[in-house]
1. For a label point 7 Å from the Cα of Arg222 along Cα→C-beta, name the residues of the range 127-148 whose backbone N is under 18 Å from it.
2. Using the Karplus equation 6.51 cos²θ - 1.76 cosθ + 1.60 (θ = phi - 60°), what ³J(HN,Hα) coupling, rounded to whole Hz, does each residue of the range 210-217 give in order, writing x for Gly and Pro?
3. Going by how many other Cβ atoms sit within 10 Å of their own, how do His146, His163, His92 line up, fewest first?
4. Is it possible to state the helix-based mean residue ellipticity at 222 nm for the chain, with each DSSP H run of 4+ residues giving -39500 (n - 2.57), the sum divided by total residues, to the nearest 500 deg cm²/dmol? What is it?
5. Calculate one ³J(HN,Hα) per residue across the range 83-100 by plugging θ = phi - 60° into the Karplus curve 6.51 cos²θ - 1.76 cosθ + 1.60, and present them in order as whole Hz with x for glycine and proline.
6. List, in the order given, every pair from Lys81/Lys181; Lys109/Lys277; Lys73/Lys109; Lys73/Lys218; Lys125/Lys218 whose Cα-Cα distance in the structure shown is over 22 Å.
7. Taking amide H positions as placed in the peptide plane 1.01 Å from N, state which residues far from Val156 in sequence (5 or more) or on other chains have amide H under 5 Å from it.
8. Using Cα positions and a limit of under 13 Å, work out the aspartates and glutamates in reach of Lys142, with same-chain residues fewer than 8 apart set aside.
Amino acid sequence: MKLVTFLYQNRTRLGALTASGNEVVDLNLANNAIPDSIIAFLEAGGQALTLAQQAVSSAPAAATIQRSAVTLKAPIPRPGKIICIGLNYRDHAGETGQAVPTFPTVFAKFNNCVIGPDEPIVIPKLTEQVDYEAELAFVIGKKARHVPVGQALDYVAGYVPFHDVSARDYQNRTSQWTLGKTFETFGPMGPALVTADEIPDPQSLDISLSIGGEVLQKSNTRELVFGIRELLSILSGIMTLEPGDLVSTGTPSGVGVARNPKRWLRPGETVKLEIAKLGVLSNPVIAES
């Protein structure tokens, strides 16, 4: 199931894309027992997912809306945590001149940076060194603490394309990366949260990023240094992971800072991030006014 948060008639709703992708089912309108927000939906667990699947298969006309009539927002508009993994593709570590980590490199973004499909990435007045980073993110579906590797995928609600936009000059001002990672609009995600039952192997997905038709990043999630099971197990040993928390697993090679000459995002461009089975996340780039 492809879960979406959408705006329709000035109301934010929880929905699911139909198989064609051309329509959105308003899940709470189809069955008012289904929570009307994504965090509440995830907290409700498997029962909510079952009800949603039934609602999509037999949705009344009144609950089915043309996708062109709604505005898709970030599937998880306000994640409790945004946990990011750095240098998690071997080729990306190599292109930045750093060693492949022996333990995950972890940093945070904050939920002020989250935007959805087609919303603009804003180049801040403070920097012109804004870089792109295509990533696969997974979303926690139930409270996770000290989870064994073999059980880790049981705690994943689903997967979503995530764009770890980065201001490289601010990222490198200190030993901590957070300042360069969490400017407003630096966390595009979407278009949908694809539930885990549709992605039996999240580490066999093609991932790419292009600007103006030029492919700048192209890889497969099998190239991750630390896989999703291992990441979830390690993180849950350090902190309690809650429904709706998002973990972004890192970016492959091809980033702008490693190119010669360096390739920064520019106003007027449109960035497209595509992950097999998860869809295309497209965002225009504008300058801060």
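Taken together, the values in this text are just the output of simple stated rules run on the coordinates, not laboratory data. Predicted, not measured: the structure shown is a model, and the values here were computed from it. Cβ placement follows ideal geometry from the backbone for every residue including glycine, while neighbour counts extend to all protein chains displayed.
1. 136
2. 9, 10, x, x, 8, 7, 9, 9
3. In increasing order of surrounding Cβ atoms, one gets His146, His92, His163.
4. When only DSSP H runs of four or more count, the value is -4000 deg cm²/dmol.
5. 9, 10, 10, x, 6, 9, 10, 4, 5, 6, 4, x, 5, 8, x, 10, 6, 5
6. Values: Lys81/Lys181 14 Å; Lys109/Lys277 25 Å; Lys73/Lys109 18 Å; Lys73/Lys218 26 Å; Lys125/Lys218 30 Å.
Checking Cα-Cα distances, Lys109/Lys277; Lys73/Lys218; Lys125/Lys218 exceed 22 Å.
7. Those qualifying (amide H under 5 Å, at least 5 residues apart or on another chain) are Gly141.
8. Glu43, Asp154, Glu242, Asp245
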